[in-house]
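So the structure is just underneath, and the comments pick up after that.
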Amino acid sequence: MISPETRAQIRRYFYAEHWKIGTVASELGVHPDTVRNAIEAERFRGAQPIRASMVDPWLGFIRQTLEQHPRLRATRIYHMARDRGYSGSVTQLRRAVARLRPQIREPFLRLQTFPGEQAQADWAHFGPVMVGRARRALSCFVMTLSYSRALYLEFFFDQTTEHFLRGHVHAFQSWNGQPRVILYDNLKSAVLERRGYQIQFNPRLLELSAHYHFAAQPCQVRAGNQKGRVERAIRLVRDSFWAGRVFTTLAECNRQALLWRDEVAHRRPWPGGDGRTVEQVFAEEQSRLLPPPLHPFNTDRSEAVSSRKTIYVRFDLNDYSIPPEAVGRPLTLVASDTTVRILDGTAEIARHRRTWDRSQMILDPAHQDAVLKLKRKAFDSTPAGRLEQAVPESKTLLDLAFAQGESAGTQTAQLLKLLDQHGSAALRRAVIEALERHTPRASSVAFLLRRQPRAHRAVVDLSHHPAAQSVDVRPHALETYDELARTQDHDSEQ
């Protein structure tokens, strides 16, 4: 700024003495732009005559069109003029439209709200973050009370409807109440579709509003000024909280965010004036909020899942285990921000800690043990399983025999036959001795069995002879043996 005396002197040198701008600046020790401002040089530029162009005859048409349709695009006016004989370029016409378009400045009223009446909510993007191998979009849910400007903020890894609702529930719990009206932008979590004044709300948001007794109210399209208070709150979060901070976990980020809210955001001067802080005004407004319900709203995400073959179901880039008996059945997965539960009907069959990484297999050891038990039971029903169950050392013998070129199937069949003939105890002794002698073959086991003394006769196995099992043996009376004995005694007397 220059003094009135200097300004008068500049104008006298320029207009009366006809000094050049640079000469005046050097004489008075001021910047040339200061001289231009003092002599109002812009007035001379505006007064310069405009060179004639092909668009000049059309200026009246352009001005009249813009008076009737102030927001009409320049390209549309160009086509209208071309249809009427205009042969100039679209660039010339664009410049004329920009110069002649009336500047419409919409006036605004200062919004006045009552304590506990209204809140405004919105999402704020904070860029991508890496969680293990997963690339997640970090977002902040922000809600502010329009009267006191008290706010709630919470960071999430996405902007799903479940997190949108969860932010509401946590905000109401933090405030110990909720406002009567909440104002939103036209985001999908709030408004599914809009046609003029007809609005189709997100059904989950309607359930939330019915549970907490507030009215959901979307802004008009392209009217961001209607929720300017949450926009300013988001700007405050970016400039005062987010700038220059480093976090390692989402929980740590949210802990510091609430600490900043209490120590910085709520201790700033209340925009309404009178020297009070946001914290002091919120303490008065809190009693005007609607009382919270007895139970919080359920914000868990629920979806149908199933597994065709494995004991895993896929959810959010990861696999979560289920009991083996649930494979192939329709199930329901219920996910919170920390837990994943899997239901069969209404019964919970699995519960896991939720991971925000990707390509992870979250396994309950009990599910793995159940699978191994089923596999072992199925294996025991096979010939090899039956042999290994009776003689555990037979597995080692069969592996060594196969390594030496023997047929595993043939060796197994021969050992099973020896098992039926000699029993498990004798066969186990022979198998152990064959391993000690480094002769891992069924023939060696049979040779060693023949050297062992038999404690009792082996029971004849007729399972492979169905014809023998069907033979009908008729018992006869024992008196026949008495008759034979008397006949022998009579013969000896003669």
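The values are calculated or read from the model by the stated rules, or taken from the named source; none is laboratory data. All of these numbers come straight from a predicted model, not from anything done at the bench. In this analysis, Cβ positions are derived from the backbone assuming ideal geometry, glycine residues included, and neighbour counts consider all displayed protein chains. Quick note on the areas: whole protein, heavy atoms, side chains included, nothing else; ligands and nucleic acids left out. Shrake-Rupley method; radii C 1.70, N 1.55, O 1.52, S 1.80 Å.
For region 314-325, does any single residue satisfy the condition of being hydrophobic (A, V, I, L, M, F, W, C) and within 30 Å of F155 (Cα to Cα)?
yes
Name the residue, out of Q414, Q404, Q389, Q368, that is more than 29 Å from F156 (Cβ to Cβ), in contact with a strand residue (DSSP E or B) (Cβ under 8 Å, 6 or more places away or on another chain) and not aromatic (F, W, Y).
Q368
Looking at region 1-24, I want the residues that are outside any helix (DSSP H, G or I) and have a partner that is acidic (D, E) with Cβ atoms under 9 Å, at least 6 apart or on another chain. Which pairs are those?
W19/E27
So, in region 288-324, how many residues would count as being in contact (Cβ under 8 Å) with a residue 40 or more places away in the chain and open to solvent by 70 Å² or more (accessible area, probe 1.4 Å)?
5
Could you grab me the full set of residues in region 16-32 that are surrounded by 10 or more Cβ atoms within 10 Å (Cβ to Cβ) and at pLDDT below 85?
none
Can you tell me which residues in region 164-202 are of a type outside the set (K, R), modelled with pLDDT under 95 and within 22 Å of D316 (Cβ to Cβ)?
L187, S189, N202
Any residue in region 152-168 that is polar (S, T, N, Q), assigned to a strand (DSSP E or B) and either more than 18 Å from C253 (Cβ to Cβ) or open to solvent by less than 10 Å² (accessible area, probe 1.4 Å) (or both)? Can you show your working first?
If we filter region 152-168 for residues that are polar (S, T, N, Q), which is where we start, we get 159-161.
Filter once more, so that each one left must be assigned to a strand (DSSP E or B): none.
No.
Which of the residues belonging to region 402-425 are of a type in the set (A, V, I, L, M, F, W, C), within 15 Å of S443 (Cα to Cα) and modelled with pLDDT under 90?
If the condition is that a residue be of a type in the set (A, V, I, L, M, F, W, C), within 15 Å of S443 (Cα to Cα) and modelled with pLDDT under 90, then F402, A408, A413, L416, L419 are the ones that fit.
Determine which member of the set A335, A283 is in contact (Cβ under 8 Å) with a residue 24 or more places away in the chain and either out of contact with any His (no Cβ under 8 Å at 6 or more places or on another chain) or not aromatic (F, W, Y) (or both).
A335
What about D239, is it in a helix (DSSP H, G or I) and modelled with pLDDT of 95 or more?
no
Looking at region 416-444, I want the residues that are free of Cβ contacts under 8 Å to residues at least 40 places away in the same chain and under 19 Å from Q389 (Cα atoms) and have a partner that is open to solvent by 40 Å² or more (accessible area, probe 1.4 Å) and part of a helix (DSSP H, G or I) with Cβ atoms under 7 Å, at least 6 apart or on another chain. Which pairs are those?
So the pair list comes out as L416/P383.
What about R195, is it surrounded by fewer than 16 Cβ atoms within 10 Å (Cβ to Cβ) and of a type in the set (K, R)?
So R195 fits the description; yes.
Can you name every residue in region 61-77 that is in a helix (DSSP H, G or I) and either open to solvent by less than 40 Å² (accessible area, probe 1.4 Å) or of a type in the set (K, R) (or both)?
I62, R63, T65, L66, A74, R76, I77, listed by residue number.
List pairs: first in region 162-188 and closer than 21 Å to S287 by Cα and in contact (Cβ under 8 Å) with a residue 12 or more places away in the chain, second acidic (D, E) and in a loop (DSSP other than H, G, I, E, B), Cβ under 8 Å, 6+ apart or cross-chain?
Going by the 8 Å Cβ cut-off, the qualifying pairs are P179/E117; R180/E117; V181/E117.
Hey, among A137, A119, A124, which residue is within 30 Å of L258 (Cβ to Cβ), part of a strand (DSSP E or B), of a type outside the set (D, E) and open to solvent by 10 Å² or more (accessible area, probe 1.4 Å)?
A137
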